[in-house]
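Where a number appears in this text, it was derived from the coordinates with a stated rule and is not lab data. Since the structure is predicted, the reported quantities are computational estimates derived from the model, not experimental observations. Here Cβ is always computed from backbone atoms with ideal geometry, including for glycine, and neighbour counts include all displayed protein chains.
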């Protein structure tokens, strides 16, 4: 896996020219050789300041479409979006409204439009904290959020039950009011969530099928994590979990667990000042022996760290240069097929940026998914791939709307 990204400009021989927003009419991804694809891209209507996007031996011209899923004023600007696909024919997203209610939007294949409803009423959630979602089995979903009193709330749904059920998972004062929550299900009969407490400790709560209640413990002590940062979690194999978080000094911290070890192990993945302390981390595992994480640097760069089983340490590189991303904006990643990853983030100018990688191409490539002013610069972004030939991305619009962008192969 090689570092960086390359964009070639044919008339000047130099890179680093932005693509214009993708035309919705381009619905297919095509993988061809460099020059042939360059011509195909231009013929299909791509616009670039100097040339088309070219990436050595592999080029993707991606046709994204989009629409407004929820109108202006729907989302609290400093909260996060969460998305889940429990089955290939459905998707669901969750967000916090400006009045502190928890909102749900869902879609089933074949229905003409998305449906929306309120899961929890006004005042249920902190408007500056995050929300997380997980599906451990195809007929169930569970979401978690921080209430205005710092408690951690849980809402769950099983196929066939008439409504969502809710309960308090952790009492008042447990979570920072600006904290986010990360959730993961490594096996079908278990879930685990992680959040930052007001004192900067990292808290862990876990559940196994058959146990009467959730168990909780402190994973990292006081002062370990920024109370404004985001935790990311991933399970690359059934016997392991890994989480990543930003420390108050801007370092990136890693904590990992393997079945059978007595406790979580922790180490520093990237040193002080590597990450924005108000920023987000995204994590993905495209194959069982690898993980990759992405975060925004203090200068607005996008950083990438990756690990392959057998290598002695994580490798790191700069995916996008300074000023590319909003230091307070979201970042999200997905792997729709084992030999590809895609990551999206909010630009400093309110644009939505897309970077994608296919195994065999020498570098990451980047395009602009939505133009300046499309997204709230301190807003959230979420993505899901419900089946291998499609991806869907949601972000908070500059006017507090929920925006949806989707791609089909």
Next on the checklist: Students often check this: by mean Cβ neighbours within 10 Å, which of 160-166, 322-328 ranks highest, and how do the rest follow?
Outcome noted: 322-328, 160-166
Checklist entry - Between residue 206 and residue 406, what is the FRET efficiency for a Förster distance of 51 Å, r being their Cβ-Cβ separation, to the nearest 0.05? => result 0.90
Item to check | FRET efficiency for residue 215 and residue 339, using Cβ-Cβ distance with R0 set to 25 Å, rounded to 0.05 | outcome: 0.10
Item to check | Normalised contact order of the stretch 87-222, rounded percent, pairs of Cα under 8 Å and 6 or more residues apart | outcome: 15
Checklist outcome for this item: Sorted on mean Cβ neighbours within 10 Å (highest first), peptides 199-208, 129-138, 253-262 come out as 129-138, 199-208, 253-262
Item to check | Gain on full stretching of the segment that runs from residue 272 to residue 159 - 0.36 nm per residue minus C-alpha separation | outcome: 36.1 nm
